[in-house]
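J.: Please see the structure below; I have some questions.
Every read-out reported here was derived from the displayed coordinates using simple, explicitly stated rules and does not represent laboratory data. As the structure is a computational prediction, the values presented were derived from the model and not from experiment. Reconstructed Cβ throughout: ideal geometry from the backbone, glycine too, with neighbour counts over all protein chains shown.
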Amino acid sequence: MSAELEKLNRFIADWREPLESQADVLFEARMRDTPPGIHTEIADSLVESLGLTPIGVNWEMLDDAADRDEPRSAVAAFCDALSNNMVFSSTKWLGEGKAAQCYSDFVGSFKHYNRTILTNRLEWGWNPISQATLEWAFIGFDDRKIALLLLTAED
């Protein structure tokens, strides 16, 4: 089973330092122990197991095949989250190119034919899962594994 988590472990090994340069990072990757079901219930099961707040139907499903300018684009959400600092939005963080690469490495850790990517935040606001002032949460899963990337900051 650890071999199945290898890409996710490599993802956080590669990205932890750049992400932690401007945010607190919680990353959890594990094999799924929940039965197939509704994506919101799968996500809530993971966040609850970590002592975070479940948000139910407020998880937003992203389209991992959409271009940046399309609605619910997963790459656009990652770029919005990681290009600039969450508190000081005029301060560069990863920039567009590295944010897109971070996205690619994250989603590439899941089987492309049955992966699901969720977020708690879109352009009109967010549904917090932590007590942080600002946060972005992404959950990715396929039929075997699941991961949470939670980025938080205080203003």
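J.: Specify which residue in the list F110, L62, I38 is farthest towards the positive end of the charge dipole of region 1-140, using unit charges on the beta carbon of Lys, Arg (+1) and Asp, Glu (-1), about the Cα centre.
T.: After comparing all options, I get F110.
J.: Pick from S89, S73, S104: which residue has the top mean-square fluctuation in a GNM of the chain where Cα pairs under 10 Å get a spring?
T.: Highest fluctuation among the options: S89.
J.: Using a Gaussian network model on the chain with a 10 Å cutoff between Cα atoms, which of F11, F88, F138 fluctuates the most?
T.: F88
J.: Given springs between every Cα pair under 10 Å in a Gaussian network model of the chain, which of A29, A65, A100 has the largest fluctuation?
T.: A65
J.: Per residue of the chain, what 222 nm ellipticity follows from adding -39500 (n - 2.57) for every DSSP H run with n ≥ 4, rounded to the nearest 500?
T.: After summing the helix terms and dividing by residue count, I get -9500 deg cm²/dmol.
J.: Could you work out the relative contact order of region 3-153, using alpha carbon pairs under 8 angstrom and six or more residues apart, expressed as a whole percent?
T.: Contact order relative to length: 29 percent.
J.: Still on this structure, please answer the following. To make sure I understand the rule: partners must be aspartates and glutamates, Cα under 14 Å from the Cα of K92, and not fewer than 8 residues away in the same chain. Which ones qualify?
T.: E20, D80
J.: Would you mind telling me the antiparallel percentage of the DSSP bridges in the chain, rounded to 5?
T.: 95 percent
J.: Quick one: Cα centre-to-centre distance for region 11-43 and region 54-101, in angstrom?
T.: Centre-to-centre (Cα) distance: 15 Å.
J.: Using Cα pairs under 8 angstrom and six or more residues apart, how large is the relative contact order of region 1-90, in percent?
T.: Value for region 1-90: 15 percent.
J.: Suppose each label sits 7 Å from its Cα in the direction of the beta carbon; what would the Q131-S2 distance come out to in nanometres?
T.: Label at Q131, label at S2, 3.4 nm between them.
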